[in-house]
Amino acid sequence: MSILSFSALFSMSAFAETGVPDHLLRLADAALVEHAWTTQPGITRAGIPRFTDPTLYNPALTPVILERLVSGGEHDYVRLALVELLPRTGGDWDSALVDLYATESSADVRSVMVEVTRRADPQDARALLLAAADDSSPLVRAAVMRTIPYVEDGAGMAEPLLAGLHDASPEVRGFAARSAGWTGLTAAWDELVVLLSDSEPDIRLHALRALERIDPAATARLSALDSLEIDIDARVSRAARQIRQ
Amino acid sequence: MRHTILALLAPGLLLAGCGKPGELIDDAAWSALGPIYGVANFDDDDGNGEKDWSDVLVEGENDLSVLSVADLMAGVADDERLKVGLTGENIRVWRDGELFLEDGDIARISGRSDLQIEFLDFLAKGTLTFIQRDEDDNELARAEVPLMSGPLIINNHSQLAELVMAMSYTGTGGNTGFVNGFKSVLGENFRDVPVNQYGYDVWVQDEIEFATLTAPDHRVDVVIDSIRNNNGAGLDDFPEEQFEGPDFARNTWGDVRASSQDSFGNMEASPPVTVDGVYYPFGRIYWGEYRGSGPRDEDLLAFLQAQRVQAPFIHDVTWLCVGHVDEFSTFLPDPNSDKGFKLLVTDVNEGYAFLEGLDPELTLPQYENEKGYATIGDVVNDKALRALNEDIQLDYLDPAVELFKTELGLTEEDIIRVPMLFEENAWCGGDTATFFPGTVNMTVAQLEEGGEVHVFLPDPFLRENNTTSSSARSADPFIANFESLLPQNVSPHWLDDWDWYHMQLGEVHCGSNTIRTPNANWWEDALHLLGDDQ
């Protein structure tokens, strides 16, 4: 089923056979609720499931999507697309997501919960990000590091960012470095200098760009640039040469 | 006596200047023999499911190059003999419907029937050696006729468009506006195919790549069928059902599980360029690598490298969630420019410069709900979004432009930098897609030489009135700004691709494809790239 075949599905749906909880049918037009409960995500050009049906962008459907997420019996593949859809429904989903995160078993779904917090109420976003910073999955922790700069007061979340710079996962370290730069986290300077020697080129690149954002003049004087200028990764060597110029 | 054949023989052309019986065949007759340039017999003229080069001579065959020997034979006396030998793999010579020569064969020619040269591979090379002998078997004269088949050539935007195609869905919520936008401009040069016949897979750019085989008086279109779908899903059967047939070959190179980089939105060809004094009359192919890994279909890459005339080069698309070169670059014909085209490349610095020139209070209903940005001010004041884009420009777009300049011999004057921003997408691991519908992800279609260049572009909806009326679009500052960048003779057509394409991380180019007319002759313009200045 593809992106807009939802429309065909919508017009043909038979309410009685789809198992929509009765209380949801009272929230909006029954056919619309039925549709929101049954429609399947399309597959983006990147192979990612996504709902792009504009009829779902309706605040009245937010509770339907939330309940489908919890009790709809959907595969995680659909559930992460349901989470990604929530902000576009335009309803009140933020606070519910904080609670749902705590009980969510799928790391894939939890990581998308983290990513959509960039559109959440700042307080809810902060609560979820702080909880997820200690998630057992590096996928989720990387999403936290990535998302922090996008939320209001992200600059005030220094503690998880600093911890992320020491994470065992290279992806987490890399995004922590990137976000430390984006938020101007001066307290991360020493750790970022250490990461210039990380074995992962993405981390070296993010650390270098972060240091440049925090203090470009001091970055240009770093002795580590000598080796970075001839780094095997073209992005890193190019960035090092640019900083020295 | 040894003759070197310099003249070109158009197939079927009658020879002139032949000798008389009892005399040596004269130079003009020898010279008129060749070289012979042909096409690989890669299609399936009899529709039996076998490529013709795997068959015996088939009914309807029209891809063989003809070498007329009638006038030569007129110069051969009764007591003389004319022999011909073939050297060269992957070439067969037919005569009177029978196999006449293969590699290493020598045969006596009697009668005046034509020789039909069949090439069993791309860039196959060989030689036909004609020897005139007297009755005592003494050699009187000899001539060698070079034989060569052409490379497979990927189309580029400098070629006229013959047929543009897209997938259509006419039901509720369908993409009728998108399809009609093409149809109203291109008329019979546009074909829409119901998407419900192909698993609702709209990415026709990704599934197939059009190419051609040409030779004097020959043209065979080729649709390269990607490994993207090889299990019957989506558009997998589209090239077989819509195009494959006589004079339209289809082939898949490779048989591995595809990555996104195997989609053909990630393989494009530039217009003709001269790089460091070397002329590429068919441009150069480029594709993208994601984190050091390009397309997994190494068979196809090796094949395209081996064609030599379009010397591929590689971009880094690591910052992109989909990871295709058509997400940040395209080429547009511009007859008024030195090189005849412009490279259009996305540029986030231009994106911010443009946005900062707008009223920050300008409301953006299309972006408020779907992306969380209610006004222009919300976009330009998002520090994280800006930092993301600054990094992309420095680490990926600037190097991409430098690479284009180096590999295609371009200067800044050849480039139009198109305002754009990128955004991270959920479940893309920090990789990005365009924030606004990707303008350079356009379809380019010039139908007539010297005529308008039609470009089909994704509507940016950067306006307060987010309907698709002409008055709404005329008030869109993004549209006005982009149109001011276009070369003369380019006609922009804005299509609503938001729900079906943009939100699915693709745009107009991704959702369309184009068959084009060959506009150069490799046997005249590209022999220097084939190491064969014959």
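How much of the DSSP bridge set in the protein assembly as shown is antiparallel, in percent, rounded to the nearest 5?
On the way: 68 of 100 bridges.
If I count the DSSP bridges inside the protein assembly as shown, around 70 percent turn out antiparallel.
Expressed as a whole percent, the accessible surface of the range B:49-196 that belongs to carbon and sulfur atoms is 40, based on a 1.4 Å probe. Classification of the range B:362-478 by its C-alpha gyration tensor yields an oblate form. The axis ratio a/c (a ≥ b ≥ c) is 1.5 or more, and b/c is at least a/b. Can you list residues whose amide H is under 5 Å from residue B:290's amide H, if they're 5+ apart or on another chain and H is modeled 1.01 Å from N? Those lying under 5 Å, H to H, from residue B:290 are B:317. Chain A contacts chain B over a buried accessible area of about 3700 Å², both sides summed; the probe is 1.4 Å and only protein chains count. What's the angle, to the nearest 10 degrees (0 to 90), between helix B:176-186's Cα axis and the longest principal axis of chain B? It works out to around 50 degrees.
Taking 24 Å as the straight-line reach from the Cα of residue B:405, the lysines in range (excluding those fewer than 8 positions away in the same chain) are B:339, B:342. The portion of the accessible surface of chain A made up by carbon and sulfur, rounded to a whole percent, is 53 (1.4 Å probe; DNA, RNA and ligands excluded). Near residue B:341, the amide H atoms lying under 5 Å from its own belong to B:334; only residues 5 or more places off or on other chains count, and H is placed 1.01 Å from N.
What do you get for Rg/Rh of the range B:453-517 when both radii come from the Cα atoms and Rh is the Kirkwood radius?
Numbers: Rg = 12.6 Å, Rh = 12.8 Å.
Taking Rg over the Kirkwood Rh, I get 0.99.
Rolling a 1.4 angstrom probe over the protein heavy atoms with all chains in place gives the protein assembly as shown an accessible area of 37 Å² per residue.
Protection proxy ranking for B:192-199, B:31-38, using the average of other Cβ atoms within 10 Å per residue and placing the highest first: B:31-38, B:192-199.
Taking the Cα centre of chain B as origin, work out the dipole magnitude from +1 charges on Lys and Arg Cβ and -1 charges on Asp and Glu Cβ, in debye rounded to 20. Display every interim value, and only then the final one.
Values: 32 positive and 97 negative charges, 122 e Å.
Charge dipole, chain B, about its Cα centre: 580 debye, nearest 20.
Using heavy atoms of the protein chains and a probe of 1.4 Å, the accessible area assigned to residue A:186 is about 100 Å².
Accessible-area loss of 20 Å² or more (1.4 Å probe, protein heavy atoms, chain alone versus all protein chains) is found in the range B:357-382 for B:369, B:370. Approximating the spin labels as points 7 Å out from Cα along Cα→Cβ, the residue B:306-to-residue B:452 distance works out to 4.4 nm. List the residues of the range A:203-245 for which accessible area in the full set of protein chains is at least 40 Å² lower than for the chain on its own; 1.4 Å probe, protein heavy atoms only. Output list: A:209, A:213, A:235, A:238. Here the contact order of the range B:131-184, divided by its residue count and restricted to Cα pairs under 8 Å and six or more residues apart, works out to 16 percent. Once the C-beta distance of residue B:338 and residue B:474 is scaled by a Förster radius of 35 Å, the resulting FRET efficiency is 0.60 to the nearest 0.05. In the range A:42-65, the residues that give up 10 Å² or more of accessible area when the other protein chains are added, compared with the chain on its own (1.4 Å probe), are A:43, A:44, A:45, A:46, A:48, A:50, A:52, A:54, A:57.
The long axis of helix B:383-392 is offset from the longest Cα principal axis of chain B by roughly 20 degrees.
Shown is the FRET efficiency for residue B:230 and residue B:405, computed with R0 = 30 Å from the Cβ-Cβ distance and rounded to the nearest 0.05: 0.25. Computed packing ranks the peptides A:204-211, B:307-314, B:238-245, B:485-492 as A:204-211, B:307-314, B:238-245, B:485-492, most packed first, by mean other Cβ atoms within 10 Å.
Does anyone have the angle between helix B:298-307 and the longest principal axis of chain B? Alpha-carbon axes, 0 to 90°, nearest 10? Helix B:298-307 sits roughly 60 degrees off the main axis of chain B. Which shape class, rounded, prolate or oblate, goes with the protein assembly as shown when its Cα gyration tensor gives a ≥ b ≥ c as root eigenvalues, a/c under 1.5 marks rounded, and past that a/b bigger than b/c marks prolate? Taking the square roots of the gyration eigenvalues as a ≥ b ≥ c, the protein assembly as shown is prolate.
For the full complex of protein chains and a 1.4 angstrom probe, list B:221, B:247 by accessible area with the highest value first. Don't jump to the answer; show the numbers that get you there.
Values: B:221 15, B:247 50 Å².
So the residues, ranked largest to smallest area, are B:247, B:221.
At a 1.4 Å probe radius, carbon and sulfur cover how many percent of the accessible area of the range B:249-357? Carbon-and-sulfur percentage of accessible area, whole number: 42.
Mean residue ellipticity, 222 nm, helices only, chain B: the sum of -39500 (n - 2.57) across DSSP H runs of n ≥ 4, divided by residue count and rounded to 500, is -4500 deg cm²/dmol.
The values are calculated or read from the model by the stated rules, or taken from the named source; none is laboratory data. Note that this is a predicted model, so its numbers are computed, not measured. Reconstructed Cβ throughout: ideal geometry from the backbone, glycine too, with neighbour counts over all protein chains shown. SASA here: full protein model, heavy atoms, side chains in, ligands and nucleic acids out. Shrake-Rupley method; radii C 1.70, N 1.55, O 1.52, S 1.80 Å.
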